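K.L.:
Okay, handing you the structure first.
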Amino acid sequence: FDADLLQVAARAGVGMILMHMRGTPDTMDAMATYHHVAVEVAAELRGAAERAEAAGVDTARIVVDPGFGFAKTAAQNFRLLDELAAVVGLGYPVAVGPSRKRFLGHATGRPVDDRDRATAVTCALAWERGARLFRVHDVALAREALTVASATTNPT
């Protein structure tokens with residue numbers, strides 16, 4: 001939310017994860033209106049990346065995150081996961097942070113502290129769709145799921 005952040009990052013030569021979110025944490029739920037969530041999220045991330053590059057951030061230092069759980073309903077999060085190719089197609093590395101999110105509880109009925117299995121499955125599905133960076137609480141469980149997911153694309 002800091003207008004100077006892009007210039008600071010550019011001057012420092014650091015990497016950035018640009019995460020999609022509409023509004024603020026207080027207003028985002030009211031802004032979860034999309035005609036086609038994956039296409040719109042990808043377009044908004046493209047705009048954010050273009051602004052970062054225009055400020056001098058090296059393209060190779062940009063990662064995009066579709067913002068699971070931020071300004072999206074449960075159904076929109078699942079649609080976005082299914083259509084993650086729209087975000088992957090931007091050409092930047094894709095990070096996802098589905099860990100213990102509300103949309104996983106909506107699907108499983110599990111409380112927040114019992115969503116690590118659902119998180120691991122979501123990470124594996126995101127891997128299959130092109131994501132390569134993952135923010136999770138239970139690293140060992142996610143790593144196991146990602147090992148299996150990557151074995152389907154890199155059989156030994």
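The values are calculated or read from the model by the stated rules, or taken from the named source; none is laboratory data. Since the structure is predicted, the reported quantities are computational estimates derived from the model, not experimental observations. Every residue, glycine as well, gets a Cβ built from its backbone with ideal geometry; the counts of neighbours run over all protein chains shown. SASA here: full protein model, heavy atoms, side chains in, ligands and nucleic acids out. Shrake-Rupley method; radii C 1.70, N 1.55, O 1.52, S 1.80 Å.
K.L.:
Along the Cα→Cβ direction, 7 angstrom out, place labels at A107 and R11. What is the inter-label distance in nm?
P.N.:
4.3 nm
K.L.:
Right, here's the next one. Calculate one ³J(HN,Hα) per residue across region 112-127 by plugging θ = phi - 60° into the Karplus curve 6.51 cos²θ - 1.76 cosθ + 1.60, and present them in order as whole Hz with x for glycine and proline.
P.N.:
3, 7, 10, 10, 5, 5, 5, 4, 4, 5, 4, 4, 4, 5, 5, 4
K.L.:
Relative contact order of region 13-156: what whole-number percent is it, with Cα pairs under 8 angstrom and at least 6 residues apart?
P.N.:
The normalised contact order for region 13-156 reaches 22 percent.
K.L.:
Still on this structure: Whole-Hz Karplus ³J(HN,Hα) for region 21-38, in order, using 6.51 cos²θ - 1.76 cosθ + 1.60 and θ = phi - 60°, x for Gly and Pro?
P.N.:
Per-residue couplings from phi come out as 6, 9, x, 10, x, 7, 10, 4, 4, 6, 9, 8, 10, 9, 7, 8, 4, 5 Hz.
K.L.:
From the backbone phi of region 59-72, what are the Karplus-calculated ³J(HN,Hα) couplings (6.51 cos²θ - 1.76 cosθ + 1.60, θ = phi - 60°) in whole Hz, Gly and Pro given as x?
P.N.:
3, 5, 9, 9, 10, 10, 10, x, x, 3, x, 10, 6, 8
K.L.:
Once you have the Kirkwood Rh of the chain from its Cα pairs, apply Stokes-Einstein at 37 °C and 0.692 mPa s and quote D in µm²/s.
P.N.:
My calculation gives 203 µm²/s for D.
K.L.:
Need the C-alpha centroid separation for region 89-152 versus region 1-61, integer Å.
P.N.:
21 Å
K.L.:
For the chain, which whole-number percentage of the solvent-accessible area (1.4 Å probe, protein heavy atoms only) is attributable to carbon and sulfur atoms? Intermediate results must be reported in sequence, preceding the final value.
P.N.:
Working: 4850 of 8590 Å².
The value for the chain is 56 percent carbon and sulfur by accessible area.
K.L.:
Which FRET efficiency, nearest 0.05, do R117 and A54 yield, Cβ-Cβ r, R0 30 Å?
P.N.:
E(calc), rounded to 0.05, equals 0.10.
K.L.:
Between beta-carbons, use under 12 Å as the cut-off and find the net charge around T153, counting Lys and Arg +1, Asp and Glu -1. Intermediate values should be presented prior to the final figure.
P.N.:
Numbers: positive: R129, R132; negative: E128.
Cβ neighbours under 12 Å give a net charge of +1.
K.L.:
Per q in 0.16, 0.22 1/Å, what log10 I(q)/I(0) does a Debye calculation on the alpha-carbon atoms of region 71-156 return?
P.N.:
With no solvent term, the Cα-only Debye profile gives -0.60, -1.08.
K.L.:
What list of whole percents do you get for P(r) of region 42-99, with Cα-Cα distances grouped in 10 Å bins up to the one holding the largest distance?
P.N.:
Result, from short to long distances: 23, 52, 22, 3 percent.
K.L.:
Roughly how many nanometres apart are two label points built 7 Å out from the Cα toward the Cβ at N154 and V139?
P.N.:
1.8 nm
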